[in-house]
Amino acid sequence: MTLLTVDDLVVDHRTPGRPAVRAVAGASLSVAAGEVVGLVGESGCGKSTLARAVCGLVPAGGGTIAFEGGRVTRLGLRRRDRALTKIQMVFQDPYASLNPRRRVGAQIADGLEVAGDRETTPGGMLERVGLPGRMAGRYPHEFSGGQRQRIAIARALAARPSLLIGDEPISALDASAQAQVATLMRDLAVESGAGLLFISHDLSVVRLIADRIAVMYLGKIVETGPTAEVWANPRHPYTQALLRAVPEADGLGRLPQELAGDVPDPADPPPGCRFHPRCPAAMDVCAEREPAPGPVSCWLYPPA
Ligand SMILES: Nc1ncnc2c1ncn2[C@@H]1O[C@H](COP(=O)(O)OP(=O)(O)OP(=O)(O)O)[C@@H](O)[C@H]1O
Ligand SMILES: [Mg+2]
């Protein structure tokens, strides 16, 4: 069952006196129940903005977002709030998901209350994420970064979401905790039948936990597919470059030489294919016309 369908979504950030930034420029994506989708792409490509639009934290300027079969994009604020309690988010900074001034047990209890769950205890939820239940009386600062992220996951899961979104939930953790926390998030989401949208620029972790991968570049999804397939046979030149940049054993992951340069300014995107100025395979048409959206949005693979 498809849980979340994002279709041709457009999101603009408006700052007075400056041109609007089209952070999401016609992106499409779906997540099924029990499925883990990894959303990857360089810094600034619009991953967080897309996630925030899905949660109703920023308005959509175009396109549609459907959740559990209902279109949420056109709902008024109150009805949308109700529709969206089934989506929970875990952020990079656990203090964005947790209140530093309240005991963690009380915060987990809030989640249980949202779900109307009177049986599970906050301590029981802590145990599910691998922490001793007796720690429920502590405050967030009394935990390590990895432990705090486990608590944020426990709090999110306590609300029994149908969709869990992790926006870089592991990037503030040290390497040893990253894979552990990511795997825990995947296991608990799948076990409870929820979908997981996992945003990360760490492709090696996404490879470990995602069923499907969506590659975003400057506001658009340029390639999607089953993780194993995309990994074995990346088709979009941008995906190929991202995969070549996955850190080797030396721990140094950088975009390779031919992709020198930054992501262009989304307020002033290049014409045609947005990737063409950095693309090693660019042809004339790439500077002139946008490739059609699809599993691979690239003129090297024109639709039949
Ligand atoms: N509140 C805002 N006001 C204006 N511009 C914004 C705002 N939030 C994000 N942007 C711009 O929108 C674009 C997309 O930002 P977004 O945070 O969605 O990227 P991201 O892919 O999550 O990046 P990162 O990997 O660094 O978290 C960027 O150009 C960013 O500067
Ligand atoms: Mg982000």
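The values are calculated or read from the model by the stated rules, or taken from the named source; none is laboratory data. Values in this document were obtained by computation on a predicted structure and should not be read as measured data. Cβ atoms come from the backbone with ideal geometry, glycine included; neighbour counts cover every protein chain shown.
Couple of notes before you dig in:
- Any chance A60 is surrounded by 18 or more Cβ atoms within 10 Å (Cβ to Cβ) and either without any contact (Cβ under 8 Å) to a residue 60 or more places away in the chain or touching a Gly at 6+ places or on another chain (Cβ under 6 Å) (or both): yes
- Tally, over region 19-68, of residues that are of a type in the set (S, T, Y), away from ligand 2 (no atom under 11 Å from the Cβ) and modelled with pLDDT of 95 or more: 2
- Taken over region 159-194, residues that are farther than 13 Å from A51 by Cβ and buried (at least 23 other Cβ atoms within 10 Å of the Cβ) amount to 7.
- Taking the numbered list (1) out of contact with any Gly (no Cβ under 9 Å at 6 or more places or on another chain); (2) more than 16 Å from ligand 2 (Cβ to nearest atom) in turn, L3 passes all entries but (1).
- Of all residues in region 195-211, those being surrounded by fewer than 21 Cβ atoms within 10 Å (Cβ to Cβ) and in contact with a strand residue (DSSP E or B) (Cβ under 7 Å, 6 or more places away or on another chain) number 2.
- Residue list for region 1-21, restricted to those being in contact with a strand residue (DSSP E or B) (Cβ under 9 Å, 6 or more places away or on another chain) and part of a loop (DSSP other than H, G, I, E, B): M1, R14, T15, A20
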